[in-house]
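> One structure, pasted below without further comment.
What follows is calculated from the coordinates using simple rules that are stated; it is not laboratory data. Quick caveat, the model's predicted, so the values are computed rather than measured. Reconstructed Cβ throughout: ideal geometry from the backbone, glycine too, with neighbour counts over all protein chains shown.
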Amino acid sequence: MIKRFKIVDRRLTETNDESSPFVAYLSPDESEKRYLVDNLKIDEHTLQSSLDPDELSRLEFEPEHIAVIYKRPRNYSAKDQFLFKVASTGLFLFKDRLVIVIGEDVPLFDSLTFNKPVTPAYLMLRMINRSIFHYFEHLKIINTISDELQNKINRAMENRHLLNLFTLEKSLEYYLNSINSNGVLIEKLRSNTAKLGFSVEETELLDDTFIENNQCYKQAEIYSNILASLMDARASIVSNNLNVLMKTLNIITIAIMVPTLVVSAFSMNVSIPLARHPLAFWIILGLALLSVMGFISFWRYKRW
């Protein structure tokens, strides 16, 4: 799918103008891929890298354009089962336009606003910068989910919530690798600002992006370390909850067995005391009740 954009009221708006400097290829089919390779001279391997979620971020200089592959967080859905994934995006910067290649149909510029004319290079840097804020938002969500799962683990006797925490920890590892990969890309962009021809404003945006990416990495690293360090403690909580449940069930079983023993002793088919007593039934019930009360008193004395 091909989408073209232009600036309208300080926002990027979709247009049918083929001369638009901002073109996005969302989940490109084979014919669109051939056009990118044959007409725009985009390297086929680089094009496939922009659609590969496992590809590392990188910067490549081509004769007619600059190729940038960066990592961004994918939109989360319930079917992912607490697994936050990442994806790759290809940015191909030509002299007069920016070509964007993404492997899925996602909103691109919903919240972006501009106060001045936008160059393709500036938009490229804004997209990388915007992905960092997406990481921040997802880290907040992961932290909130982690707190909720911890509260459930404190009350639960099953491993389901603990496994969900393991999945969140795996997501943070993905994010750490992706954010670090983006950091290498940003550092390489900073060292080639003169070669890339960035303006002063674009250089300042790149410096801000570098700082924000480092902050994002530190935050993700802190969350990951906290989850990893407390995982054993949470597993112990689940095991302890199960032990408490088994202890309670054993106490209930013993409490039921004590009066049952009393009643059973007076139910044998032999001569027994109180066999002909008119109040034998009530006396036996009273003895059973006394045995229960004695067990409860012993239970409290031992503080079980």
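> Do any GluC sites (Glu not before Pro) in region 44-78 lie in a DSSP loop with no more than 13 other beta carbon atoms within 10 Å, and if so, which?
The qualifying sites are Glu64.
> If you don't mind, there's one more thing I want to ask. Report the trypsin sites (Lys or Arg not before Pro) located in region 58-162 that are in a DSSP loop and have at most 11 other Cβ atoms inside 10 Å of their Cβ, or state none.
Numbers: sites: Arg58, Lys71, Arg74, Lys79, Lys85, Lys95, Arg97, Arg126, Arg130, Lys140, Lys152, Arg155, Arg160; in loops: Arg74, Lys85, Lys95, Arg97.
Answer in residue order: Lys95.
> Taking only the alpha carbons of region 242-302, what extent do you get along each of the three principal axes, in Å, biggest first?
That works out to 48, 22, 14 Å along the principal axes.
> Using only Cα positions of region 42-166, each an equal point scatterer, no hydration layer, compute I(q)/I(0) via Debye at q = 0.17, 0.18 Å⁻¹ and quote the log10 values to two decimals.
-0.92, -0.99
> Please compute the length gained on full extension between Glu64 and Asp96, using 0.36 nm multiplied by the number of residues separating them and subtracting their Cα-Cα distance.
Once the chain is fully extended between Glu64 and Asp96, it gains 10.4 nm.
> Most fluctuating residue of Pro278, Pro107, Pro259 in a GNM of the chain with Cα springs under 10 Å: which is it?
Checking each option, the largest mean-square fluctuation is seen for Pro278.
> Measuring from a point 7 Å past the Cα of Glu187 along Cα-to-C-beta, which residues in region 43-57 have an amide N at less than 18 Å?
Backbone N within reach: 56-57.
> Helix-derived [θ] at 222 nm for the chain: sum -39500 (n - 2.57) over DSSP H runs of at least 4, divide by residue count, nearest 500?
Taking each H run of at least 4 residues, the total per residue is -20500 deg cm²/dmol.
> How large is the dipole of the chain about the Cα centre if only Lys and Arg carry +1 and Asp and Glu carry -1, each at its Cβ, rounded to the nearest 20 debye?
2020
> Something else: If the cut-off is 21 Å between C-alpha atoms, which lysines fall inside it for Lys247, apart from same-chain ones fewer than 8 positions away?
Reachable lysines: Lys152, Lys302.
> If you don't mind, there's one more thing I want to ask. Give the distance, in whole Å, between the Cα centre of region 158-208 and the Cα centre of region 42-58.
16
> Taking a 30 Å limit on the Cα-Cα distance, which of the listed pairs Lys41/Lys195; Lys79/Lys188; Lys140/Lys195; Lys6/Lys170 fall beyond it?
Details: Lys41/Lys195 20 Å; Lys79/Lys188 36 Å; Lys140/Lys195 37 Å; Lys6/Lys170 39 Å.
Over 30 Å apart, Cα to Cα: Lys79/Lys188; Lys140/Lys195; Lys6/Lys170.
> Under 18 Å between alpha carbons, and skipping anything fewer than 8 positions from Lys3 in its own chain: which lysines qualify?
Of all the lysines, those that pass the test against Lys3 - Cα under 18 Å, at least 8 places apart if same chain - are Lys33.
> To continue, here is another question. I need to check one value: relative contact order of the chain, counting alpha carbon pairs closer than 8 Å and at least 6 residues apart, in percent.
Normalised by residue count, the contact order of the chain is 15 percent.
> To continue, here is another question. Quantify how much of the Cα-Cα distance distribution of the chain extends past 34 Å, in percent. Don't skip to the end; give the middle numbers.
Working: 21198 of 46056 pairs.
That fraction is 46 percent.
> Counting other beta carbons within 10 Å of each Cβ, put His134, His277 in order, fewest first.
Exposure proxy ranking, most exposed first: His277, His134.
> How would you rank 175-182, 246-253, highest first, on the average number of other Cβ atoms within 10 Å across their residues?
175-182, 246-253
> In nm², what is the average projected area of the convex hull enclosing the Cα atoms of region 186-231?
3.3
> Work out, step by step, the length gained on full extension between Met257 and Asp147: first 0.36 nm times the residue separation, then minus their alpha carbon distance; give nm to one decimal. Before the final figure, lay out each step's value.
Working: separation 110, 0.36 × 110 = 39.60 nm, distance 4.19 nm.
Length gained between Met257 and Asp147: 35.4 nm.
> For region 164-209, what value does the Rg/Rh ratio take when both radii are computed over Cα atoms and Rh is the Kirkwood radius, given to two decimals? All intermediate terms of the calculation are to be shown ahead of the outcome.
Details: Rg = 15.2 Å, Rh = 12.2 Å.
Result for region 164-209 is an Rg/Rh of 1.24.
> Here's something else I'd like to know. Mind checking Rg over Rh on region 1-90, alpha carbons, Kirkwood formula for Rh?
1.01
> For region 41-90, what does the relative contact order come out to in percent, with C-alpha contacts under 8 Å and a separation of six or more?
Contact order relative to length: 40 percent.
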